[in-house]
Every structure is written in structure tokens, then in C-alpha cells.
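Enquirer: Quick one: structure below, then a few questions.
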């Protein structure tokens, strides 16, 4: 089983607005509202690939009820902890004429100490039957910045693989708790290691630094694909995975989450690292072809998979 954790779940609203400009009144040509938050998006991708997944996290108020009802319509298994405050709404405005997108993201609800304790207990319970646990997204207000680190240390005894996908201080503290995988994007990785990247060598070096900080494996996502330092048995290899530039894009919202969902779904099936990276990139590319984070068509994934490539940087030849 794969468990995804979304402490700051949301309703993600995507509006398609041609010729969008700030300061003017516009009418959306399309509107889509789905349950969201990084862990939910990861789970949606995992389910699309046919692997077993359960989502947990925190939800509250009418928005929280919408999240639960939406997941029910998608047949995504979930076991959320209810809280008193209102869950957030996030809005993405997509302009198809300029291929630009604008996102407005709420901070999220206030969480009481006992509500957070209930979530921790729920994660520990679900982890007993899980092989992978994905901790993903931002933390709501009043949640300690070391919360992910606390959870990683707590469920270490469950012998499941923990993937961490967040940013800022929760990422800095979380990586020190020794998760199995950390998967930041370029900006998040630069913030984590403390300097900007000036090329491929800097990114590859950063994967090593992230592992020195505590992660067993590190993947840094970029526009062109990703760089990965992955452990296989007693050996560690560095990979560069790429996907050709897409000729048409509907929305890039959630592509990073789709990548992680595709990668984890393949690791769950014990696929080779290179295959997992290729499937991750194929899911990220397929996500750009439709509105909605983690929303993808399996036929698109298979089509993009054929275009992906992986180069093993610490050995001759391609993987």
C-alpha cells in the first residue's frame, strides 16, 4: 500500500481565462474544481497507474467536506482527520493565449494541538500496512515546522519508505530525519543547499549534499527533466533523465506531484531506477495535457514514456 499525507489539503480551482490581465474584469471560458494539495495530487496519479493508495491529512468546514466528496467521486480511498477550522482554497488562472499561469494560494486553517496529534496517530496507524508513505505539501498555520521530521522519526519503526516533498524550513528539518527520498524542484533545492545553481555540475553536487544532510535518495526536478542520486542495494548511482520539450501545454500545475506519483508507483512494483524516472517524467508530461493537478490519461503517459531518456552520469552509456 502507498499512503500519501496532505496536512494542508485544499480545493484546487483552475480557471481558464484567455487574454488574462490584472486590473480588468474577465469571464472564464472553463472552470474546474478538484480536491488538491500535493499529497492528494500524488495519490491521484498513483491511482491512475493502477496502484493501491490511501490519502490522509486534515480537512475542515464546508471546503473540507467538498474535498471528501470530491475524493469519493474519484474513488480515491481516504481517511482524513476532521478539524474545526476551514480548509483552504487555491486558485490557478490559466491564460491559453500566452501559455501563462497565475496562482493564488491560501495559507490554510489553524490547527489545534489535539487535532495534529490525531493526524499523527492516524499516520502511524496507516503506516503499519504501508510500503511507502509520502509526506507532501505545506503545513497549515500553528503546525510546528519540524512536524514532518517528527513523523519520519515516529514511523521509522514501521519499516516503510518515506518520501518527503515540501520546501523551506519543513524541508530543512525533515531531511535531517533521514527520509528515504527527498524530491525538491530547482528553486527548493537551491534554498536547501544554500546557493544558486550555475549548471549541471552544481545540480549533481546538490544531490550529494542533500544525501549528506540525511536523505537516502535525492531527486531534483527541472524543466527539462530531473537529476537523481539513487541507492540500489549497496551501490549509489547518479542519473540525468530528460523528456523532449512539449509542443502544447494546457497547464503545468501539479506536474511535480504527478512526477512523484509516477516514480513511487513504479518503485512500488519494484521497477529499476531508470524506469521509475522515465515513468515519473511521462506522468509529469501527461499532466500538462489536461487541467487539474495529477489529472492525466494513461494513453498520454505511455506515449510520453517512449520519448523519455535516462543517462547514468557515473558510468558509461545510457540506462
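The values are calculated or read from the model by the stated rules, or taken from the named source; none is laboratory data. Quick caveat: nothing in here was measured; it's all calculated off a predicted structure. Positions of Cβ are generated from backbone atoms using ideal geometry, with glycine treated the same way; all protein chains shown enter the neighbour counts.
Enquirer: Within the set of pairs 6 or more residues apart or between chains, which connect a residue that is on the phi > 0 side of the Ramachandran plot inside the range 23-49 to a residue that is in a strand (DSSP E or B) with Cβ atoms less than 7 Å apart?
Expert: 37/6; 37/10; 37/57
Enquirer: Considering 51, 66, which residue is within 17 Å of the chain's Cα centre (by Cα) and buried (at least 18 other Cβ atoms within 10 Å of the Cβ)?
Expert: Unique residue meeting the criteria: 51.
Enquirer: Taking the range 88-125 only, how many residues are over 19 Å from the mean Cα position of the chain (by Cα) and within 27 Å of residue 149 (Cβ to Cβ)?
Expert: 16
Enquirer: Part of a loop (DSSP other than H, G, I, E, B) and either touching a helix residue (DSSP H, G or I) at 6+ places or on another chain (Cβ under 7 Å) or within 30 Å of residue 267 (Cβ to Cβ) (or both): which single residue out of 68, 116, 139 fits that description?
Expert: After ruling out the rest, the residue left standing is 139.
Enquirer: Next up: List the number of the failed condition for residue 157; all other conditions in (1) at pLDDT 95 or above; (2) surrounded by fewer than 18 Cβ atoms within 10 Å (Cβ to Cβ); (3) in a helix (DSSP H, G or I) hold.
Expert: (1)
Enquirer: Let me ask something else. Report yes if residue 108 is surrounded by 15 or more Cβ atoms within 10 Å (Cβ to Cβ) and at negative phi, otherwise no.
Expert: So residue 108 fails the test.
Enquirer: Looking at the range 303-317, can you tell me whether even one residue there is free of Cβ contacts under 8 Å to residues at least 24 places away in the same chain and touching a helix residue (DSSP H, G or I) at 6+ places or on another chain (Cβ under 6 Å)?
Expert: Scanning the range 303-317, I find no residue that is free of Cβ contacts under 8 Å to residues at least 24 places away in the same chain and touching a helix residue (DSSP H, G or I) at 6+ places or on another chain (Cβ under 6 Å), so the answer is no.
Enquirer: Another question about this same structure. List every residue pair whose Cβ atoms sit under 6 Å apart, with the two residues 6 or more apart in sequence or on different chains, where the first one lies in the range 251-263 and is touching a residue at least 12 places away in the same chain (Cβ under 8 Å) and at negative phi and the second, anywhere, is part of a helix (DSSP H, G or I) and surrounded by fewer than 24 Cβ atoms within 10 Å (Cβ to Cβ).
Expert: none
Enquirer: Next up: Checking residue 59 against (1) in contact with a strand residue (DSSP E or B) (Cβ under 6 Å, 6 or more places away or on another chain); (2) assigned to a strand (DSSP E or B): exactly one of these is not met. Which one?
Expert: Result: residue 59 passes all but (1).
Enquirer: Let me ask something else. Would you say residue 86 is touching a helix residue (DSSP H, G or I) at 6+ places or on another chain (Cβ under 8 Å) and either surrounded by 16 or more Cβ atoms within 10 Å (Cβ to Cβ) or part of a helix (DSSP H, G or I) (or both)?
Expert: Here the answer is yes, as residue 86 does meet what is asked.
Enquirer: Only residues that are surrounded by fewer than 24 Cβ atoms within 10 Å (Cβ to Cβ) and either under 22 Å from residue 181 (Cβ atoms) or under 18 Å from the mean Cα position of the chain (by Cα) (or both): list them for the range 1-47, please.
Expert: Passing the criteria: 1, 11, 13, 47.
Enquirer: Determine if the range 255-264 includes at least one residue that is part of a helix (DSSP H, G or I), farther than 14 Å from residue 225 by Cβ, out of contact with any helix residue (DSSP H, G or I) (no Cβ under 7 Å at 6 or more places or on another chain) and at pLDDT 95 or above.
Expert: no
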